[in-house]
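A.B. asks: First the structure, then my questions, so here it is.
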Amino acid sequence: MRNLAALVRRELGVYFVSPMAYIILTGLILVFGLMFWTEMGAASDFAMPFSFDRLLATLAAILVFVAPLITMRLIAEEKNRGTIETLMTAPVTDGQVVVAKFAAALLFLMYLLLPTVAHAFLAAKYGTVDAPATATGYLGLILMCSAVFSIGLFISSLCSSQVTAGVVTFVVSFLLILSSLIADRVPADTWYGRPARAVLERIDPFKYLEDFLRGIIDTRPVIYLLSVTVFFIFLTVRVLESRRWR
Amino acid sequence: MEPTKRTDAPEEVAFTRRRRLLIWANAVLMSAFFLGFLVAVNVISDARFTRFDMTAEKLWEISDHARKVVEGLKHDVVIYTTPLTVGPAVSQNRSLPNAWNQVSRLLFELSAINPRLNVVPFAAGTESEQVLRMNFTGLTDNCLYFLVKKDREQAARKVMPIYELYEGNFQTGEILKFHAESKVISAIVQLTSDRPRKVYYTEGHKELPPPSQEGRGMSFLTSRLGDLDHVEFKPLDLGQARSVPRDADLVFIAGPARDFDPPEIDALREYWNGGGRIFLAVQPLTPDPMKLLRDFIDECGARIHRDIVLDTRRELQAPQYLRITAFGYHMINQGMLNVGFRMVSSGSVDPAPKSPRQKAISLMQAGQWAYAETDLRPGARIQHDTGEKMGDVSVAAAAEEEISNPTDPSRPTARLVVWGGVAALTNQFNTIYGTANLETLDYIANTFRWLMEVEQRIADPIQPRSFKMKPLKLTPESKSVIGWVSIVGLPLLGVVLGVMAWFFRRK
């Protein structure tokens, strides 16, 4: 556990030393702030209670584009710099390395989300905010991002170039978001139509977010998103292990 | 000295390859098993899932009654939602967007219970528009359109305006009572049940024919009632039948010109005493005084006078056209505030309760310039004579009577609505350039709906909700503060943190 904590600290340090973290943070708060201001104005104009769900949905869409930036360097950079060999020979297991990198990415995400909580307090000052529903929305966002991050981590472990890892992660994330739309285009009357549609509709992480944003915790998306996360972490560990066999 | 052992000996290479192959096979198999395990977990979780409503006001909690109804759906139910119109409707009623939002949430949650219930947002130019135009008389915004296809031929349908689903504060936008769950569930129950509501219209007394598409027919009204409440109109010859059928939800008597026979009156009386519902629209000053029918209606709590109400301001231009703006405080008249209704050729009708078990109220009153002419002669000048009622003459009344032994125990009251004129119900006065005038038709439909009362009965177990989340009201100053904090203040924090990190790193 101590090893894991040390690895997480090391990874977090890397994030906060690079200017990328602050560029992402400032950009994200600025875009979120603009949306927040517009939404507050619209809620007031239409005499509606202010709701965070639409803001969080847009934030989720932005985070899908931000995710490759966060995950692309996780393992690809170590390979590129040759530090992966040092890490592999250190007294830590492959699993610990992968989990530490994943945990650091997730903690960094939470750090990015932290300023948006200030907006919730601002909204509560002027109106009413459904705090438990908003918290559930954040939970959904973290679960969705953890699934996307685990995919990004896996892709990063396969690539030795950060840019390649980032581009591939972006394409995969984008395809996942589009999977529901693609499902609608699959002809339902063919032999493969129905199962293909079912699978494509199933894998869209964005679809699962809807429930969370509305303040509902459904066990199905929780299990699905956790399964995706665990599976890709498992695959990443296998990829790191495979370096020893080759 | 022993020679060094070569590691690329063929047998060692083969061994290493075999080992590597085994390791790869092991990794692939493990991954496949793990994937299989996760898929199994997901399949099980799909079958046995739970939903927790985390909202402070339990916005998503569906009552057991509603859940049972939706879970037990045997037919596919499609609810088309027309978009919220940002325009006069919203400026007049600021609670509409809030209510629309809550209704959307409710429909979303209901559709999650059973895939047989589908919610489809209406979009112009798409299949949804085609379907709606094929199945409904007219399309209006801010409505829910229910469509239940039971077989290829038959489709039950219903329109439900959003404003019917709640009581709200038009100024602040606050929702005071939210009835959407009970109303939507009632509509689903009504549409999926095999029995449509049946309105029997009487024949044999020179009545106007409701299904007729002519100007004096009421096809627009019957069609609208079909849209709204899945109502079927059926003829009833009381002279032959001698009793009102047991499946009658309502008996409609549309402008009779000849009196009813005593056995027919007895049949109506028997129906009334069992908790019957009657809608009578008379024609004023018919040659036949129709004493028996008038006496029977009098027993039920409303008095029809033998006169015609005229507007003195319109002496030369059809004085029989009355613009009604005074409506009695009654459920039928909901939404008629500051709205006018045109009543044509109407006699006066007064509420006249006969016993403490009866309640009666005037539904519509002609204005202060109207009077009840009792001796209208062709060519004679219209003039108010002494003894004739003048000002606020009642032209429609509703009566209710508590019934001790109702035929249907869930309907313990008999209900009656009497209109002094039938013309306002006809196609001629409910169209605008040949298309249905939904505003007047919907007001008339309210009368039928109150009389039939089915929705209220179905919805009883589901309680209305109220919301603690108040609509947001920002002053220009507070908007400005929010703008500065969210667009300048907080992003600046990110910049400051970045500069600090850069500074300390350099140090």
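A.B. asks: Pull up segment B:78-100, narrow it to residues that are modelled with pLDDT of 85 or more and within 12 Å of another protein chain (Cβ to nearest Cβ), then point me to the one that is most open to solvent (accessible area, probe 1.4 Å). So that I can check it myself, show each step before the final result.
C.D. replies: The initial filter retains those residues of segment B:78-100 that are modelled with pLDDT of 85 or more, namely B:78-81, B:99-100.
Retained after the next criterion (residues that are within 12 Å of another protein chain (Cβ to nearest Cβ)): B:99-100.
Working: B:ALA99: 0, B:TRP100: 51 Å².
The qualifying residue most open to solvent (accessible area, probe 1.4 Å) is B:TRP100.
A.B. asks: Going through B:ILE62, B:ILE113, B:ILE23 one at a time, which residue ends up being free of Cβ contacts under 8 Å to residues at least 40 places away in the same chain and open to solvent by less than 80 Å² (accessible area, probe 1.4 Å)?
C.D. replies: Details: B:ILE62 fails: free of Cβ contacts under 8 Å to residues at least 40 places away in the same chain; B:ILE113 fails: free of Cβ contacts under 8 Å to residues at least 40 places away in the same chain.
Answer to the check: B:ILE23.
A.B. asks: Follow-up. Kindly indicate which of A:LEU28, A:LEU34 is within 13 Å of another protein chain (Cβ to nearest Cβ) and open to solvent by 60 Å² or more (accessible area, probe 1.4 Å). Explain how you work it out, then say what you get.
C.D. replies: Values: A:LEU28 fails: open to solvent by 60 Å² or more (accessible area, probe 1.4 Å).
Being within 13 Å of another protein chain (Cβ to nearest Cβ) and open to solvent by 60 Å² or more (accessible area, probe 1.4 Å) holds for just one of A:LEU28, A:LEU34, which is A:LEU34.
A.B. asks: I'd like to check something: does segment A:190-201 contain any residue that is touching a residue at least 24 places away in the same chain (Cβ under 8 Å), open to solvent by less than 50 Å² (accessible area, probe 1.4 Å) and hydrophobic (A, V, I, L, M, F, W, C)? Break it down stepwise before answering.
C.D. replies: Kept after step one, since they are touching a residue at least 24 places away in the same chain (Cβ under 8 Å), are these residues of segment A:190-201: none.
Within segment A:190-201, not a single residue is touching a residue at least 24 places away in the same chain (Cβ under 8 Å), open to solvent by less than 50 Å² (accessible area, probe 1.4 Å) and hydrophobic (A, V, I, L, M, F, W, C).
A.B. asks: Name the residue, out of B:LEU280, B:LEU293, B:LEU268, that is open to solvent by less than 10 Å² (accessible area, probe 1.4 Å) and not in a helix (DSSP H, G or I).
C.D. replies: B:LEU280
A.B. asks: Being buried (at least 20 other Cβ atoms within 10 Å of the Cβ) and out of contact with any strand residue (DSSP E or B) (no Cβ under 7 Å at 6 or more places or on another chain) narrows it down to one of A:PHE121, A:PHE174, A:PHE154, so name that one.
C.D. replies: Numbers: A:PHE121 fails: buried (at least 20 other Cβ atoms within 10 Å of the Cβ); A:PHE174 fails: buried (at least 20 other Cβ atoms within 10 Å of the Cβ).
Selected residue: A:PHE154, the only one of A:PHE121, A:PHE174, A:PHE154 that is buried (at least 20 other Cβ atoms within 10 Å of the Cβ) and out of contact with any strand residue (DSSP E or B) (no Cβ under 7 Å at 6 or more places or on another chain).
A.B. asks: Got a sec? Which of B:LEU310, B:LEU280 is assigned by TED's automatic domain parsing to the domain that holds B:SER362 and more than 32 Å from the chain's Cα centre (by Cα)? Steps first, answer last, please.
C.D. replies: Details: B:LEU280 fails: more than 32 Å from the chain's Cα centre (by Cα).
Among B:LEU310, B:LEU280, only B:LEU310 is assigned by TED's automatic domain parsing to the domain that holds B:SER362 and more than 32 Å from the chain's Cα centre (by Cα).
A.B. asks: Which of the residues belonging to segment B:180-219 are at pLDDT 85 or above, within 20 Å of B:PHE146 (Cβ to Cβ) and either out of contact with any helix residue (DSSP H, G or I) (no Cβ under 8 Å at 6 or more places or on another chain) or aromatic (Phe, Trp, Tyr) (or both)?
C.D. replies: B:LYS198
A.B. asks: Now, a different point. Could you check, for segment B:372-387, whether at least one of its residues is farther than 19 Å from B:ASP350 by Cβ, buried (at least 17 other Cβ atoms within 10 Å of the Cβ) and touching a Lys or Arg at 6+ places or on another chain (Cβ under 9 Å)?
C.D. replies: Taking every residue of segment B:372-387 in turn, none turns out to be farther than 19 Å from B:ASP350 by Cβ, buried (at least 17 other Cβ atoms within 10 Å of the Cβ) and touching a Lys or Arg at 6+ places or on another chain (Cβ under 9 Å).
A.B. asks: Let me ask something additional. For segment A:64-167, list the helices (runs of 4 or more DSSP H) that sit wholly inside it and hold at least 2 residues that are within 23 Å of A:ARG214 (Cα to Cα) and within 14 Å of another protein chain (Cβ to nearest Cβ); which are they? Walk me through it before giving the result.
C.D. replies: On the way: elements: A:76-81, A:83-89, A:94-126, A:131-158.
Qualifying helices (runs of 4 or more DSSP H): A:94-126, A:131-158.
A quick yes/no check of all residues on (1) charged (D, E, K, R); (2) in a helix (DSSP H, G or I); (3) within 11 Å of chain B (Cβ to nearest Cβ):
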| site | (1), (2), (3) |
| --- | --- |
| A:ILE177 | no, yes, no |
| A:VAL199 | no, yes, yes |
| A:LYS207 | yes, yes, no |
| A:ILE217 | no, no, yes |
| A:VAL230 | no, yes, yes |
| A:GLU241 | yes, yes, yes |
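A.B. asks: Could you please give the count of residues in segment B:23-63 that are acidic (Asp, Glu) and over 22 Å from A:LEU226 (Cβ atoms)? Explain how you work it out, then say what you get.
C.D. replies: Step one: of segment B:23-63, the residues acidic (Asp, Glu) are B:46, B:53, B:57, B:61.
Narrowing further to those that are over 22 Å from A:LEU226 (Cβ atoms): B:57, B:61.
Looking only at that region, the number is 2.
A.B. asks: In addition: Taking the condition of being over 18 Å from B:VAL282 (Cβ atoms) and open to solvent by less than 80 Å² (accessible area, probe 1.4 Å), how many residues in segment B:388-399 meet it?
C.D. replies: Pass one, segment B:388-399, residues over 18 Å from B:VAL282 (Cβ atoms): B:388, B:390-392.
Narrowing further to those that are open to solvent by less than 80 Å² (accessible area, probe 1.4 Å): B:388, B:391.
The total comes to 2.
A.B. asks: May I pose another question? Being more than 8 Å from every other protein chain (Cβ to nearest Cβ) and either in a loop (DSSP other than H, G, I, E, B) or open to solvent by 60 Å² or more (accessible area, probe 1.4 Å) (or both) is the filter here; which residues of segment B:472-487 pass it?
C.D. replies: Filtering segment B:472-487 for residues more than 8 Å from every other protein chain (Cβ to nearest Cβ) gives B:475-477, B:480-481, B:484.
Residues satisfying the conditions are B:THR475, B:PRO476, B:GLU477, B:VAL481, B:TRP484.
A.B. asks: Also, quick follow-up: Name the residue, out of A:SER157, A:SER173, A:SER180, that is hydroxyl-bearing (Ser, Thr, Tyr), in contact (Cβ under 8 Å) with a residue 24 or more places away in the chain and under 23 Å from B:ARG51 (Cβ atoms).
C.D. replies: Details: A:SER157 fails: under 23 Å from B:ARG51 (Cβ atoms); A:SER173 fails: under 23 Å from B:ARG51 (Cβ atoms).
Every option except A:SER180 fails the conditions.
A.B. asks: Considering each residue of segment B:296-324, count those that are at pLDDT 85 or above and in a loop (DSSP other than H, G, I, E, B), and give that number.
C.D. replies: So the first thing to find is which residues in segment B:296-324 are at pLDDT 85 or above, and the list is B:296-311, B:321-324.
Next cut, in a loop (DSSP other than H, G, I, E, B) only: B:301, B:305-307.
Residues flagged as at pLDDT 85 or above and in a loop (DSSP other than H, G, I, E, B) within segment B:296-324 amount to 4.
The values are calculated or read from the model by the stated rules, or taken from the named source; none is laboratory data. Computed from a predicted structure; not experimentally measured. Positions of Cβ are backbone-derived with ideal geometry, glycine not excepted, and every protein chain shown enters the neighbour counts. Areas reflect the complete protein model, heavy atoms only, side chains present, ligands, DNA and RNA absent. Shrake-Rupley method; radii C 1.70, N 1.55, O 1.52, S 1.80 Å.
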